[in-house]
Amino acid sequence: IASAGIGIELALAGTATLLWTLAPDGALRNGLFFLATTSWVMTLAINASPFMRFDGYFILSDLLDLPNLHQRSGALATTWLRRTLLGWREPWPEHFPAPRRRALIAFAIGVWLYRLVVFLGIAVLVYLFFFKVLGIALMVLEIHWFILRPVLRELAVWRKRRDEIPKARRRWFWLAGLGLVALLVVPVQSTVQGY
């Protein structure tokens, strides 16, 4: 069932390709060419991707026999981040063999990066297509709701449980923070010379 939409789009593209070769020059032929090439490629690029909750996600979820794949892999990746960065000994939310757990964590990180790019792209498009005051407001709302809110929610958990972070890790966080501030504050030579 999950692959029916993709199958129909491919059948429609094949039919459009056949009709395109038979149609006379004009608007109908141009429309069939669009359906036979660009339209179905763009639709498949979106629908076949498992990183958003479209057909590709449900196909992958069925193949792996893991319902709620995004939530479950996201919970594993969050636990992995807490264990790796903060040194917490949190139990894994679900037991999986180590190779499968690593694959699910990598999948979740891929989902996060993909969504970051998509949401930033949407924010830029919103900014560009509306008049500037509304565009800026909608862009800020988009970035806050879809990008910053999940990050701030996780940072709130880190702040609440900061006493559980080992002292050595806390020192590394302070040093990394100071290094980032120094990187932002210390001037850098920015002239370009040509000969």
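The values are calculated or read from the model by the stated rules, or taken from the named source; none is laboratory data. Computed from a predicted model, the values in this text were never measured in an experiment. Ideal geometry is used to build each Cβ from the backbone, glycine not excepted, and the neighbour counts take in all protein chains shown. Keep in mind that these areas ignore ligands, DNA and RNA; they rest on the heavy atoms of the full protein, side chains included. Shrake-Rupley method; radii C 1.70, N 1.55, O 1.52, S 1.80 Å.
What the table shows:
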quantity	calculated
Of all residues making up the stretch 22-33, the number that are out of contact with any helix residue (DSSP H, G or I) (no Cβ under 7 Å at 6 or more places or on another chain) and either acidic (Asp, Glu) or open to solvent by less than 80 Å² (accessible area, probe 1.4 Å) (or both)	3
Matching entry among Phe129, Phe119 (being of a type in the set (Phe, Trp, Tyr) and over 25 Å from Ser61 (Cβ atoms))	Phe129
Residues of the stretch 166-180 that turn out to be of a type in the set (Lys, Arg) and either open to solvent by 90 Å² or more (accessible area, probe 1.4 Å) or in contact with an Asp or Glu (Cβ under 9 Å, 6 or more places away or on another chain) (or both), as a count	2
Selection count, the stretch 181-195, where residues are open to solvent by less than 100 Å² (accessible area, probe 1.4 Å) and not small (Gly, Ala, Ser)	3
Only one of Ser39, Ser61, Ser49 that is within 23 Å of the chain's Cα centre (by Cα) and over 30 Å from Ile105 (Cα atoms)	Ser39
